[in-house]
Ligand SMILES: *Cc1c(COP(=O)(O)O)cnc(C)c1O
């Protein structure tokens, strides 16, 4: 109803996808039911064969999950979406639906660590070959593409260094090789960046992060052309990594405030980045909103704001970084991000702890690096919280 009428993001975030039951509920209903009663045996047969579109079983058809799928599809500007039990389940479903033995995936080195583990431990085991390239090295992407390449996979901005890749250029490269570009849009969300409009074929999300926005539920979603999403639904129906209706309801409510939250996260992160940049004991701030950041211009072109995640290095090593983290009373020491609550983490010993020393060095994950997901608290309070530790260095 709202999806095709040219409504803006803010309207779609609140209205798209809602279907009211005969009760006329104003807020989206939560359909906690595993199965559905068929009005007749003939209708049951038609639904099982696919001749009729009604609900069958909540492993792959649930009205609350469908409302979430349609709302996020509208926000990303995609034809369809498939919700999954986690962000990783969305990426797994994509791989299982689209790849076969002998195919190649080209993946940026800086993607979420578990994504690399999924490709390395499981996709390779089934004969899918994966090549890794530096996110911003266009020549490396070009050099890695071959006749068997099916997917190019990346995140921009990257975690935790906020490197930025040119989505339109990578989409063109993928298409010239008959491959598809997948963008993990977790850090920006459609409020700040819409990869499909820039030429990408598929967007994946960890809904666990900003789509929820308040750290309550784990979930994921993929968005793209209907014929591709139909393939994912077949996998979901067969293998079952489905989103629960309860989580879908939480995410639906999260989407209603997505743009407001992303603007506020971005505002706070920008203020904090400028402030950190002025601190004598801070060596370098990685945030695309700072004009001196290497990805600033590209981010300004393909994003509407710079997002809520930044990282910085302090003078000293692990001990100094840990001192700053341990001195915080407001910022939570947790690896999660995209929460109203600010979080602070030491990547070298947590999120990137599984990398070899060589890979860490290559990825810029130094012992003095700290990552912050800037939440919605007052930014001066956050500064005071950080200053307690910074003042000790
Ligand atoms: C968290 C995250 C994932 C994985 O999502 P889960 O919901 O934790 O399974 C994938 N990509 C990025 C960029 C993430 O931050």
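Where a number appears in this text, it was derived from the coordinates with a stated rule and is not lab data. Treat the numbers as computed from the prediction; the structure is a model and nothing was measured. Positions of Cβ are backbone-derived with ideal geometry, glycine not excepted, and every protein chain shown enters the neighbour counts.
Laid out as a table, the results:
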item: Most to least packed among 144-150, 286-292, 131-137 [average Cβ atoms within 10 Å]; result: 286-292, 131-137, 144-150
item: Rg(Cα) / (2.2 N^0.38 Å) computed for the chain, rounded to two decimals; result: 1.01
item: FRET efficiency estimate (nearest 0.05) - Cβ-Cβ, residue 238 to residue 129, R0 22 angstrom; result: 0.35
item: Principal axis box of region 1-143, alpha-carbon based, largest edge first, Å; result: 56, 39, 24
item: Relative exposure of 296, 352, judged by other C-beta atoms within 10 Å (fewest first); result: 296, 352
item: Using alpha-carbon coordinates, inclination of helix 245-256 to the longest axis of the chain, degrees; result: 60 degrees
item: Region 32-166 - share of DSSP beta bridges that are antiparallel (%, nearest 5); result: 10 percent
item: Percent of beta bridges antiparallel (DSSP, the chain, rounded to nearest 5); result: 55 percent
item: For the chain, built as a Gaussian network whose Cα springs stay under 10 Å, the top-fluctuating residue of 361, 97, 165; result: 361
item: Helical contribution to [θ] at 222 nm, DSSP H n ≥ 4, -39,500 (n - 2.57), averaged over the chain, rounded to 500; result: -11000 deg cm²/dmol
item: Paramagnetic reach from residue 330 in region 281-312 [backbone N under 17 Å; point 7 Å along Cα→Cβ]; result: 308-310
item: Additional length obtainable on full extension of the chain from residue 340 to residue 297, 0.36 nm per residue less Cα span; result: 12.8 nm
item: Tilt relative to the chain, helix 87-98 - C-alpha long axis, 0 to 90 degrees, to 10; result: 60 degrees
item: Rel. contact order, % - alpha carbon contacts under 8 angstrom, at least six apart, region 259-390; result: 29 percent
item: For the chain, built as a Gaussian network whose Cα springs stay under 10 Å, the top-fluctuating residue of 119, 306, 38; result: 38
item: Listed peptides 339-351, 80-92 by packing density, highest first (mean Cβ within 10 Å); result: 80-92, 339-351
item: Cα gyration tensor category, rounded, prolate or oblate, for region 69-228 with a/c compared to 1.5; result: rounded
item: Crossing angle, helix 226-239 versus the chain [Cα axis fit, 0-90 degrees, rounded to tens]; result: 90 degrees
item: Region 259-390 - Rg and Dmax from Cα coordinates, angstrom; result: 14.1, 40
item: Relative contact order, percent, the chain [alpha-carbon distance under 8 Å, six or more residues apart]; result: 16 percent
